[in-house]
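To keep things clear, I will list the structure first and then write my remarks on it.
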Amino acid sequence: MNALLGILFHFLGGFSSGSFYLPYKKVKGWSWETFWLIGGTFSWIIVPPLAAFLTIPGFWDIIQNESSSILGLTFLFGALWGIGGFMYGLGVRYLGVALGSSIMLGLTMVIGSLVPSIFYEFSPQDGKDNIGLMLSNSWGQMVLLGLFVCVIGIIISGKAGVMKDKELKTDSIDPHGVEVKTEYKFGLGLTVAIISGVLSACFNFGLEAGKPMANVANEAWKIANPSQGEFLFQNNVTYVVVLWGGMASNLIGCLYLSFKNKSYTDYAKKNVPVVKNIIFCAMAGTMWFLQFFFYGMGESKMGNGPSSWILHMAFIILIANLWGVIIKEWKGVSKKTITTISVGMIVMFISILIVGYGNSLR
């Protein structure tokens, strides 16, 4: 039952992340850095403390009483994750959306899921899955098989994206719905993509670093609610600190672009629906945070091991691709290309089933 609930919660998180950019498509007259910063204000600054306040009594006391080393490391990983996400744009600029996304998302999935388990192999901690344990048990072997299958699905989907770009011969559209002027430079693009993929995986490292805060919330809840399992919302307190870090790096990046492109004048433009734009940004930012909200619920059922991160990433990629089909981003391509993207989505769905089955064996 825990495995099924974990899959459901990770699906809801993946749906939120794979769908969050849709409200941004309704924003009129603003540059990317303008609406990204406004949306980020909601997803990184406003909504996380509100969610923690509503679900964890005394969440601020937990943060204040935590050691500066844990807070600093959690914040640092959040900032590195933010840099990785911000560099995503450079990756798709130099490699194209399809190839760049495949490399970056694939690396984020593999590194985010495996590095912590390798770390705990050499520095064991109670309740933490290490790579040796996974390799020596059938459930762990199934989870690793699911990871491998999902990477194959990403590669196939990336191939479909390359085919689509060649057939339509138009500028690419990134996962945020923004038109990308590609400037193909494989060497530079590969370097940027690797850096982005590695840093984007730091979100999972931030959750690991901030786990002591989640543990405090979890233990307090279990004392107040005996024999009811793990606290679904324990990670909400950790998100506050991780997302502060993400906000710091994105704020610097957005302000840099605002002054470089002089887009800080967007707010004063005439005939721009400012109120509507803010509402759509708030919707997008809230949906962006909900991916973590539901991730935390799924993690409470499955543990913050490779399974949770794999399912989280797989659902994001699967839902984003489905939206691409639904809103007709693939209209006009050949049957071969449609077949290729369909196969990629099917393979990723199979990987989800494999990971879920692996967790049910525990």
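Observations, loosely collected:
- Top-ranked residue in segment 78-95 [being surrounded by fewer than 23 Cβ atoms within 10 Å (Cβ to Cβ) and over 26 Å from Ile45 (Cβ atoms); ranked as modelled with the lowest pLDDT]: Arg93
Let's see how each residue does on (1) open to solvent by 40 Å² or more (accessible area, probe 1.4 Å); (2) of a type outside the set (D, E, K, R):
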| position | (1), (2) |
| --- | --- |
| Asn215 | yes, yes |
| Asn218 | no, yes |
| Pro226 | yes, yes |
| Leu251 | yes, yes |
| Lys260 | yes, no |
| Lys276 | yes, no |
| Ala282 | no, yes |
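- Residues that are within 17 Å of the chain's Cα centre (by Cα) and open to solvent by 20 Å² or more (accessible area, probe 1.4 Å) within segment 17-35 comprise just one, Leu22.
- Candidates Tyr295, Tyr256, Tyr239, filtered to the one that is within 26 Å of Leu76 (Cβ to Cβ), part of a helix (DSSP H, G or I) and either open to solvent by 40 Å² or more (accessible area, probe 1.4 Å) or free of Cβ contacts under 8 Å to residues at least 24 places away in the same chain (or both): Tyr256
- Being surrounded by fewer than 19 Cβ atoms within 10 Å (Cβ to Cβ) and at pLDDT below 90 is not true of Val355.
- Test: residue in segment 265-272 that is of a type in the set (Ser, Thr, Tyr), touching a residue at least 60 places away in the same chain (Cβ under 8 Å) and open to solvent by 70 Å² or more (accessible area, probe 1.4 Å): yes
- Residues that are open to solvent by 30 Å² or more (accessible area, probe 1.4 Å) and part of a loop (DSSP other than H, G, I, E, B) within segment 322-352 comprise Ile327, Lys328, Glu329, Lys331, Gly332, Ser334, listed in sequence order.
- When the criteria are applied in full, Leu133 fails the requirement of being among the hydrophobic types (A, V, I, L, M, F, W, C), within 26 Å of Ala314 (Cα to Cα), at pLDDT 95 or above and assigned to a helix (DSSP H, G or I).
The values are calculated or read from the model by the stated rules, or taken from the named source; none is laboratory data. Since this is a predicted model, take the numbers as computed values, not measurements. In this analysis, Cβ positions are derived from the backbone assuming ideal geometry, glycine residues included, and neighbour counts consider all displayed protein chains. To get the accessible areas, we keep the full protein, side chains included, count just its heavy atoms, and leave off ligands, DNA and RNA. Shrake-Rupley method; radii C 1.70, N 1.55, O 1.52, S 1.80 Å.
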